[in-house]
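So the structure is just underneath, and the comments pick up after that.
The values are calculated or read from the model by the stated rules, or taken from the named source; none is laboratory data. Predicted model, so just to flag it, every value in this text is computed and none were measured. Quick reminder, even Gly has a Cβ in these numbers, built from the backbone with ideal geometry, and neighbours come from all protein chains shown. Please note that ligands, DNA and RNA were not included when accessible areas were found on the heavy atoms of the full protein model with its side chains. Shrake-Rupley method; radii C 1.70, N 1.55, O 1.52, S 1.80 Å.
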Amino acid sequence: MVTLENVRRKLGPGVEFYCERFHAEPGAHMALWGPSGCGKSTLLNLSTGLLLPDAGKVRIDGVEIQDMGDAALDRFRGERFGFVFQTFNLLKPFTALQNVLLGMRFSDTIPEKEWKPRATELLTRVGLGHRLNAKPGTLSVGEQQRVAIARALANRQKIVVADEPTGSLDPKTAASVMDLLLEMCREENVTMLLVTHDRAIADALPQRFDCTGLVRELSA
């Protein structure tokens, strides 16, 4: 569960993000939708503790994170969140399997002896069982995003957050990746928060949160 209440964050001179209330139930698959600059990525970053509010409360699984220290917050985030980015963020010198395994080092949720079987299983489920030893430079952009999805789910995190995950993909590949992401999140029984400016993608998710108006100019 993720809840924001009366959250404010200064974004620059005379510009503020303000969200009166945002709530995502466990198991929700929700699109944070709106045009560029409306505040959807800021909302996502506040919901994961990547940004902290200047005022208001952010609760994740009932824990108010705005008062946590940096080390505790990093640990808390690593145990609960998996991330899928527009630019994949794969490490080029390493294979698909190694990229997933490296991501598993940042959480204690999976015993080390289970890392490789878990990573192999996920890559197989996303259709890359035959490309375990392929490096990112030899993978298509769609295949790279599939590796990123496997990595995001590897530690059995409760929440997957995806920031414009199809932004670098052509329409056909984007549709395939979205179908896969939804399918995997349902199978793993995890919450998904997805940022998109594309209304068609937003409409494909069961829930939408319109972020229009979250960023506002302050009067002098």
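Looking at the range 12-28 only, could you name the residues that are closer than 16 Å to Thr212 by Cα and either of a type in the set (Phe, Trp, Tyr) or touching a residue at least 24 places away in the same chain (Cβ under 8 Å) (or both)?
Hits for the range 12-28 are Val15, Glu16, Phe17, Tyr18, Cys19, Phe22.
Give the residue that is farthest from the chain's Cα centre (by Cα), with candidates limited to residues of the range 1-49 that are of a type in the set (S, T, N, Q) and part of a helix (DSSP H, G or I).
Initial filter on the range 1-49 (of a type in the set (S, T, N, Q)): 3, 6, 36, 41-42, 45, 47-48.
Narrowing further to those that are part of a helix (DSSP H, G or I): 41-42, 45, 47-48.
On the way: Ser41: 10, Thr42: 13, Asn45: 9, Ser47: 10, Thr48: 9 Å.
This residue is Thr42.
Sort out for me the helices (runs of 4 or more DSSP H) sitting completely within the range 107-220 that have 1 or more residues that are under 28 Å from Val15 (Cβ atoms).
The qualifying helices (runs of 4 or more DSSP H) are 199-203.
Taking the conditions exactly as written (among the aliphatic types (A, V, I, L, M) and under 20 Å from the mean Cα position of the chain (by Cα)), does Leu73 satisfy them or not?
yes
Filter the range 28-55 down to residues that are of a type in the set (A, V, I, L, M) and in contact with a Ser or Thr (Cβ under 7 Å, 6 or more places away or on another chain) and give me whichever is most open to solvent (accessible area, probe 1.4 Å).
Leu51
Yes/no matrix, rows are residues, columns are (1) under 30 Å from Val7 (Cα atoms); (2) crowded, with 19+ Cβ neighbours inside 10 Å; (3) aliphatic (A, V, I, L, M):
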| residue | (1), (2), (3) |
| --- | --- |
| Ser107 | yes, no, no |
| Lys116 | no, no, no |
| Leu122 | no, yes, yes |
| Gly129 | no, no, no |
| Ser140 | no, no, no |
| Val147 | no, yes, yes |
| Leu153 | yes, yes, yes |
| Ala200 | yes, no, yes |
| Arg216 | yes, no, no |
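Among the residues of the range 155-166, is any touching a strand residue (DSSP E or B) at 6+ places or on another chain (Cβ under 8 Å) and more than 26 Å from Arg21 (Cβ to Cβ)?
Within the range 155-166, one or more residues are touching a strand residue (DSSP E or B) at 6+ places or on another chain (Cβ under 8 Å) and more than 26 Å from Arg21 (Cβ to Cβ).
I'd like the full set of residues that are buried (at least 16 other Cβ atoms within 10 Å of the Cβ) and modelled with pLDDT under 90, limited to the range 85-101.
Matches in the range 85-101: Phe85, Gln86, Phe88.
Quick check on my filter: what residues within the range 1-27 are surrounded by fewer than 18 Cβ atoms within 10 Å (Cβ to Cβ), among the small types (Gly, Ala, Ser) and closer than 23 Å to Leu205 by Cβ?
Gly27
Can you say whether Phe106 is modelled with pLDDT of 85 or more and of a type in the set (Phe, Trp, Tyr), as far as the supplied structure shows?
Taking the combined requirement at face value, the residue does not satisfy it.
With the requirement that a residue be at pLDDT below 95 and of a type in the set (Val, Ile, Thr), what does the range 125-141 give you?
Once the filter is applied, which keeps residues that are at pLDDT below 95 and of a type in the set (Val, Ile, Thr), the range 125-141 yields Val126, Val141.
Could you list, in sequence order, all residues of the range 155-179 that are on the phi > 0 side of the Ramachandran plot and surrounded by fewer than 18 Cβ atoms within 10 Å (Cβ to Cβ)?
Just the residues of the range 155-179 that are on the phi > 0 side of the Ramachandran plot, to begin with: 156, 164.
Arg156 - this is the single residue of the range 155-179 that is on the phi > 0 side of the Ramachandran plot and surrounded by fewer than 18 Cβ atoms within 10 Å (Cβ to Cβ).
Within the range 3-15, how many residues turn out to be of a type outside the set (Lys, Arg) and either in contact with a His (Cβ under 6 Å, 6 or more places away or on another chain) or at pLDDT below 95 (or both)?
Narrowing the range 3-15 to residues of a type outside the set (Lys, Arg): 3-7, 11-15.
Those still in the list that are either in contact with a His (Cβ under 6 Å, 6 or more places away or on another chain) or at pLDDT below 95 (or both) too: 3, 11-15.
So the answer is 6.
Which residue, of Arg199, Arg156, is in contact (Cβ under 8 Å) with a residue 60 or more places away in the chain, of a type in the set (Lys, Arg) and either in contact with a Gly (Cβ under 7 Å, 6 or more places away or on another chain) or farther than 17 Å from Asn45 by Cα (or both)?
On inspection, the qualifying residue turns out to be Arg199.
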